[in-house]
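> Dropping a structure here in structure tokens format, bear with me for questions.
Every read-out reported here was derived from the displayed coordinates using simple, explicitly stated rules and does not represent laboratory data. Just so it is clear, the structure is predicted and the values come from calculations on it, not from any experiment. Positions of Cβ are backbone-derived with ideal geometry, glycine not excepted, and every protein chain shown enters the neighbour counts.
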Amino acid sequence: MDPKRPWDCADMSEVRAQIDRIDIELIDLIAARFGYVERAWQLKSNPEDALVPWRIQQVIDKVKARAKEKDVPPHLAEALWRQMIGWFVQYEEERLRADAKRKAQSKQEGA
């Protein structure tokens, strides 16, 4: 489906079709981002490494600046990213805990 500009949509079905198209693109981008989160936890060594406050703030600042450039309310972008980042941090913590537990069990079995 070719993208239409919002003002070129003649009715709600066209608006909804464009929103659906964008939703697909957003999921594709989130999937790509998730791949990097998956790799990030593998490069970390313990659950405490998942939460990096300075990095979270750096990301939020960049997202808010980009939102402002695109005439998107910066607080909307911040709320969305904080929710997504919070989920990813929790995911990393869980994976790191599970990995540490697996390693400890393997070590005990080998001892």
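> Length gain on complete extension for the stretch residue 82 to residue 39, per 0.36 nm per residue less the alpha carbon to alpha carbon distance?
13.5 nm
> Put a dot 7 Å past each Cα toward the Cβ at residue 14 and residue 52; how far apart are the dots in nm?
Rounded to a tenth, the inter-label distance reads 4.5 nm.
> What do you get for the angle between helix 12-43 and the principal long axis of the chain? Use alpha-carbon atoms, 0 to 90 degrees, nearest ten.
Rounded to the nearest ten degrees, it is 20.
> Straight-line reach from residue 107: which lysines have Cα under 30 Å away, leaving out those fewer than 8 places along the same chain?
Correct list for residue 107: 44.
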